[in-house]
Amino acid sequence: MARKVPSKARKISLPPFLSNPFVLALAAVAAVFAVAIGVATLTGGRSGGERTQQTPVQQAPVPQAGVTPVPPAPPAVKAEPPVQHAAEGPEHAVPEKPVQAETRPPATTVAMLPPPAPPAQPPVQPPSGNAALWRRNALPAEVPTGKPIIAIVIDDMGLDRKRSARMAGLHGPLTLSWLPYARDLSAQSKAARAHGHELMLHMPMEPSVKADPGPNALLVSLDKGEIVKRFRAALDSFDGYVGVNNHMGSRFTADRAALAPVLAELHRRGLLWLDSRTTPNSAGIGLAQELKMPWIGRDVFLDNQETVAAVKAQLAKTEQVAKRQGYAVAIGHPHDATIEALASWLPDVQKRGFVLVPVSAVVRTHHAGG
């Protein structure tokens, strides 16, 4: 009996419906659709709840047989402009609110801003003309043409308050020159000005004789810096005056080098110089002329002798000088004899054809200067 030999490979038998070609074609199509759905699921956009903008959904291409599908690129996101912050301030400064772009100036604006203006400086050049301080502080006065004018200057005001007040109570106008070390100087001088008198500063200066000119006097032994310092302190003791004349000072005014910074300071401030002429060797008028500043010189002393008769005689001499040169400047002091003589002379002086004026009017009409 012949032996049956087994085959090397056993054939797999398929169910009869799988052997149908039509079924196989349908299975292939189903596989393609399954792949397409899976790819679409993997490459789809975010869910609608996560989107901040409506972006069209791109349809995934249908994969072809043998080609690996490539996922589409994600939609481009518009970049936000960088936030510009203000420059940082001090550590404990309150943070500023963000600056909006449309209100923030361009960066070049800061660079184009002009530098800050320097603080105002005092004028270097001395004042002149109507801008001069002596004119602004001058007592208003009418000076008729053709009539001689007289200015009565009373020195040493302020120390003897009783006699100073009596002198200021006279009918003027007078020019009252105040010592800088007098008490309540501002109040005294303002009261005199309110009564219709002009004001001056009576500056203590060193005499050539043995006499005390008073505290903080100007001495020839002082250096220039100390002279100017003392003089400026005296100038600041009160205000409203038109200028300065010297108290004593026969030695100091004769020293040109010592007196020069004094007149230079007067010129710088726009004040006038009245030279009391306590010495014929005074350099004051010459220096004032060189500086082209306002000046005047004393013509008559009223009370070297303190009697009413002597003072009246000097007032008569003052009238003679005024007739001869058109003006006269007389200097006296608040002595009893001087007050009494002036009290009787003042009411009648205009009847004799003279005009009583403050000293600034004499300067303005005869020695205008700066």
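The values are calculated or read from the model by the stated rules, or taken from the named source; none is laboratory data. Predicted, not measured: the structure shown is a model, and the values here were computed from it. In this analysis, Cβ positions are derived from the backbone assuming ideal geometry, glycine residues included, and neighbour counts consider all displayed protein chains.
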TODO: Go over the candidates Leu176, Leu199 one by one and state the one that is without any contact (Cβ under 8 Å) to a residue 40 or more places away in the chain and not in a helix (DSSP H, G or I).
DONE: Leu176
Open item on the list: Filter the stretch 302-324 down to the residues that are touching a residue at least 40 places away in the same chain (Cβ under 8 Å) and either of a type in the set (Lys, Arg) or out of contact with any strand residue (DSSP E or B) (no Cβ under 6 Å at 6 or more places or on another chain) (or both) and list them by number.
Closed with: Glu319, Lys323
TODO: State all residues of the stretch 316-332 that are assigned to a helix (DSSP H, G or I) and crowded, with 19+ Cβ neighbours inside 10 Å; if no residue qualifies, say none.
DONE: Thr318, Glu319, Ala322
Open item on the list: Take Pro207 and tell me if it is out of contact with any Ser or Thr (no Cβ under 7 Å at 6 or more places or on another chain) and either of a type in the set (D, E, K, R) or in a loop (DSSP other than H, G, I, E, B) (or both).
Closed with: no
- [ ] Please list, ordered by first then second residue, the pairs with beta carbon atoms under 6 Å, 6 or more apart or interchain, first in the stretch 288-301 and at pLDDT 95 or above and among the basic types (Lys, Arg), second crowded, with 20+ Cβ neighbours inside 10 Å and part of a strand (DSSP E or B).
- [x] Arg298/Val329; Arg298/Ile331
Open item on the list: Tell me whether the stretch 139-161 contains one or more residues that are part of a helix (DSSP H, G or I) and at pLDDT 95 or above.
Closed with: yes
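Within the stretch 210-219, is even one residue charged (D, E, K, R) and either within 30 Å of Lys317 (Cβ to Cβ) or buried (at least 22 other Cβ atoms within 10 Å of the Cβ) (or both)?
To start, the set of residues in the stretch 210-219 that are charged (D, E, K, R) comprises 210, 212.
Now drop any that are not either within 30 Å of Lys317 (Cβ to Cβ) or buried (at least 22 other Cβ atoms within 10 Å of the Cβ) (or both), which leaves 210, 212.
Yes, the stretch 210-219 has at least one match.
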Open item on the list: Kindly evaluate Ala288 against the criterion of being surrounded by fewer than 17 Cβ atoms within 10 Å (Cβ to Cβ) and assigned to a helix (DSSP H, G or I).
Closed with: no
Task: From the options Ser250, Ser237, Ser221, residue that is closer than 28 Å to Ala187 by Cα and in a loop (DSSP other than H, G, I, E, B) - done: Ser237
